[in-house]
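Enquirer: So that we are looking at the same thing, I have put the structure below in structure tokens.
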Amino acid sequence: MESTNKVGTLILVGTGLIVILVLLLLFLAVFYQTYVMKMKRKEAELLLKTSLESEKQERKRIAADIHDGVSGDLNAIRNFLSVLYKNETSQEKKALYDDIKIGVEAAIENTRLVSYKLMPPLLETSGFLITLQDYFSRLNSKTSTHFSINTKEKSIDLPNEMSYELFRVVQELTTNMIKYGNVKSCEITIKQEGNNYIFFIKDDGTPFNFKEMYLISKGTGLKNISSRLKVIDAIFKQNQPILGNEFVISVKIR
């Protein structure tokens, strides 16, 4: 009888040890899988940040090349045409110089616009708010859509890298509005709430669901928006207004 009890006890102890060992192995497996997923996520975030930073530096380089190189050459041609125009007596040739000058000035304006879109010069020197005001002013002069800013803030105090990504997000959204949204007006309201800046981007255009379009879109615009917001740890949501679209972006003040 005593021997039977000992065997039973050993079986219980052995079973308990096996259960503990199995639970320990399961815990280690889950822990390892979680660790691997965490490391992969960090690696993906690092690759994304590196990619966006490389894009930023390349944009700066190309913008500088266009501004200093192409624009400089076009300005030199325009000045040379002015000298030729003053010394020319033939009205026919003067008319030809005028036509050429108009074409050169249009090319200068286009190169300035391309350079600006690649890297707004005000972003690093004057900050996000002034850059956004300047950008909207340019859009209002070039398109039929009216863009406006509603804020009591005198400045938006954000790091340069965050300001850059946030500006690109606004640029992507406004570009989509102009191309596809049938938008007549768009207003961005900016508020500071505690340690956060809240951006309410509202338009009166054709409603669309950002998440659904993101999944089926073959373009890079919406994916760029999502990637840039992820890099700066911004919270993004879409409200459902009666008219048009409303997007809300929240970023922490670092």
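Every read-out reported here was derived from the displayed coordinates using simple, explicitly stated rules and does not represent laboratory data. On a predicted model such as this, the values are computed, not experimentally measured, just so you know. In this analysis, Cβ positions are derived from the backbone assuming ideal geometry, glycine residues included, and neighbour counts consider all displayed protein chains.
Enquirer: Which value in nm describes the separation of the simple spin-label points at Lys191 and Lys237, placed 7 Å from the Cα toward the beta carbon?
Expert: 1.3 nm
Enquirer: Looking at the stretch 200-248, which trypsin sites (Lys or Arg not before Pro) are DSSP coil and have at most 12 other C-beta atoms within 10 Å of their C-beta?
Expert: Sites meeting the loop and neighbour criteria: Lys218.
Enquirer: In nanometres, what is the gap between the two model label sites at Glu153 and Thr175, each 7 Å from Cα along Cα-to-Cβ?
Expert: Label at Glu153, label at Thr175, 2.3 nm between them.
Enquirer: Moving on. Grab the beta carbon distance between Glu161 and Lys86, set R0 = 41 Å, and tell me the FRET efficiency rounded to 0.05. Working shown, then result.
Expert: Working: r = 49 Å, r/R0 = 1.19.
E between Glu161 and Lys86, to the nearest 0.05, is 0.25.
Enquirer: Could you work out how much longer the chain between Thr220 and His146 gets when fully extended? Use 0.36 nm per residue separation minus the Cα distance between them, nm to one decimal. Before the final figure, lay out each step's value.
Expert: Working: separation 74, 0.36 × 74 = 26.64 nm, distance 2.50 nm.
Length gained between Thr220 and His146: 24.1 nm.
Enquirer: Quick one: give the max-minus-min coordinate of the C-alpha atoms of the stretch 123-252 along each principal axis, largest first, in Å.
Expert: Principal extents (largest minus smallest coordinate, Cα): 35, 32, 26 Å.
Enquirer: Okay, moving on. With label points built 7 Å along Cα→Cβ from the Cα atoms of Leu28 and Glu58, find their separation and express it in nm.
Expert: With each label point 7 Å from Cα toward Cβ, the separation is 4.5 nm.
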